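These notes are about the structure you will find just below.
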Amino acid sequence: MKEKYQSSEKTKINSVKNCLVELREFKQKEGESIELYYNRLNELIYKCNRYGITRSTMEFNLTFIMGLRKQWRNVSLMVKTQQSFDYFTLNDLYNLLKTHEAEVNEITEESN
């Protein structure tokens, strides 16, 4: 019983570590749409919550916006400087960024 408990506790600790590393290194993949990127973050947030890892909405918002590809730099700067940014939910942030996806895609095509 003791071995089984210690093994499952080690597994949980490793899972928590993996979640924290994944959260810290979370970045948008090349060619990944804002929607897929948003969905991946939501899956990671769910996994973190399952292991008892809690972060504020602001931390998740910053993780989301800071992990965007460089083509989003101008849009993300504009969004971060808005007064209302501090009160956005992750969904609000996603919806706002989604409205700029076409222009970011144009920038990406021009740079290619």
Could you give every pair whose Cβ atoms fall below 6 Å, whose first residue belongs to the range 98-112 and is open to solvent by less than 70 Å² (accessible area, probe 1.4 Å), and whose second residue is aromatic (Phe, Trp, Tyr), counting only separations of at least 6 or pairs across chains?
-> Val104/Trp72
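This table checks each residue for (1) without any contact (Cβ under 8 Å) to a residue 40 or more places away in the chain; (2) of a type in the set (A, V, I, L, M, F, W, C); (3) touching a strand residue (DSSP E or B) at 6+ places or on another chain (Cβ under 9 Å).
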{"residue": "Leu23", "(1), (2), (3)": "no, yes, no"}
{"residue": "Tyr37", "(1), (2), (3)": "yes, no, no"}
{"residue": "Met58", "(1), (2), (3)": "yes, yes, no"}
{"residue": "Trp72", "(1), (2), (3)": "no, yes, no"}
{"residue": "Phe85", "(1), (2), (3)": "yes, yes, no"}
Subset of the range 70-85, residues closer than 20 Å to Glu30 by Cα and touching a helix residue (DSSP H, G or I) at 6+ places or on another chain (Cβ under 8 Å), comes to Gln71, Trp72, Val75, Ser76
From the list Glu101, Glu109, which one is in contact with a helix residue (DSSP H, G or I) (Cβ under 9 Å, 6 or more places away or on another chain) and at negative phi?
-> Glu101
Would the range 87-96 turn up any residue that is open to solvent by 60 Å² or more (accessible area, probe 1.4 Å), at negative phi and either modelled with pLDDT under 90 or among the aromatic types (Phe, Trp, Tyr) (or both)?
-> yes
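The values are calculated or read from the model by the stated rules, or taken from the named source; none is laboratory data. This one's a predicted model, so the numbers in the text were calculated from it and none came from an experiment. Glycine gets a Cβ as well: all are built from the backbone with ideal geometry, and neighbour counts include every protein chain shown. Surface accessibility is based on the protein's heavy atoms, side chains included, excluding ligands, DNA and RNA. Shrake-Rupley method; radii C 1.70, N 1.55, O 1.52, S 1.80 Å.
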